[in-house]
Amino acid sequence: QKEVEQNSGPLSVPEGAIASLNCTYSDRGSQSFFWYRQYSGKSPELIMSIYSNGDKEDGRFTAQLNKASQYVSLLIRDSQPSDSATYLCAVRGTGGFKTIFGAGTRLFVKA
Amino acid sequence: NAGVTQTPKFQVLKTGQSMTLQCAQDMNHNSMYWYRQDPGMGLRLIYYSASEGTTDKGEVPNGYNVSRLNKREFSLRLESAAPSQTSVYFCASSVPSNNSPLHFGNGTRLTVT
């Protein structure tokens with residue numbers, strides 16, 4: 001079992017819709033959770049971070065964390081074509097050093 | 001403010017050749033990391049350095065060595081390149097805290113023929 005799992009997609013949504021991206025992780029001791037966006041040929045950039053159970057909102061993005069279910073998700077409201085990218089879920093365990101990434105979900109937003 | 005700088009951007013090697021990928025950060029971060037990214041595999045941690053003077057293996061360390069030269073610089077060496085090491089390599093840095101994100105360089109695209 002991979003430590004961090006994501007559906008590879010592609011996930012295709014129409015412009016203006018809500019895109020829902022999901023991630024599960026295996027290490028119950030994981031402390032911090034991150035969503036990165038990566039455009040083709042570019043380096044990952046941080047979208048959201050979340051550390052405690054519940055929802056965290058930042059503009060059109062909402063991260064959701066459920067530690068009991070070992071599940072973290074990212075919602076993108078009012079999706080735009082510029083949101084088309086690969087979204088990487090990343091999980092950091094105790095100690096604050098090793099960050100493990102999922103394989104990423106490719107998102108296409110159709111105009 | 002340059003952030004994390006990687007050199008070179010592109011490299012082609014023949015099987016068996018050696019090379020060193022360079023990484024430097026100017027954000028005064030203590031922790032630095034090397035990842036490789038292959039299609040469908042996401043980012044996989046090769047080695048990391050929690051602080052100057054320490055290095056540790058990540059998920060896929062075989063075939064690589066690292067050196068934490070000083071607080072700013074963390075290099076990745078391939079002693080005898082293999083086609084399986086064809087990949088995009090990313091260096092990253094962070095503050096050594098659970099809550100701090102990684103800051104990535106622009107990557108090095110390496111092809112081993």
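The values are calculated or read from the model by the stated rules, or taken from the named source; none is laboratory data. All of these numbers come straight from a predicted model, not from anything done at the bench. Neighbour counts run over all protein chains shown; Cβ positions are idealised from the backbone, glycine included. All accessible areas refer to the heavy atoms of the entire protein, side chains included, with ligands and DNA or RNA removed. Shrake-Rupley method; radii C 1.70, N 1.55, O 1.52, S 1.80 Å.
Think of a 1.4 Å ball rolled over the protein heavy atoms: the range A:24-111 then has 43 Å² of accessible area per residue. Protein heavy-atom accessible surface, 1.4 Å probe, per residue over chain B: 45 Å². Computed 3J(HN,Hα) for the range B:18-27, one whole-Hz value per residue from the Karplus formula 6.51 cos²θ - 1.76 cosθ + 1.60 where θ = phi - 60°, is 10, 6, 10, 8, 9, 9, 9, 10, 10, 9, glycine and proline marked x. Other protein chain C-beta atoms within 10 Å of residue C-beta, averaged over A:84-92: 2.
Could you tell me the total accessible area buried at the B-A interface, probe 1.4 Å, in square angstrom to the nearest hundred?
1800
For the range B:14-113, the share of accessible area belonging to carbon and sulfur comes to 46 percent (1.4 Å probe, ligands and nucleic acids excluded). The mean sequence separation of alpha-carbon pairs under 8 Å and at least six residues apart, normalised by the residue count of chain B, gives a relative contact order of 36 percent. At q = 0.11, 0.15 Å⁻¹, what log₁₀ I(q)/I(0) does the protein assembly as shown have when each alpha carbon counts as one equal point scatterer in the Debye sum? Debye intensities relative to I(0), on a log10 scale: -0.54, -0.98.
When the trypsin sites (Lys or Arg not before Pro) in the range A:31-67 are filtered for DSSP coil states and for at most 11 other beta-carbon atoms within 10 Å of their beta-carbon, no site remains. Within the same chain, lysines fewer than 8 places from A:Lys67 are excluded, and of the rest, those with a Cα less than 25 Å from its Cα are A:Lys2, A:Lys56, A:Lys98. For trypsin sites (Lys or Arg not before Pro), the sites in the range B:1-79 that DSSP calls loop and that have at most 11 other Cβ atoms within 10 Å are B:Lys9, B:Lys14.
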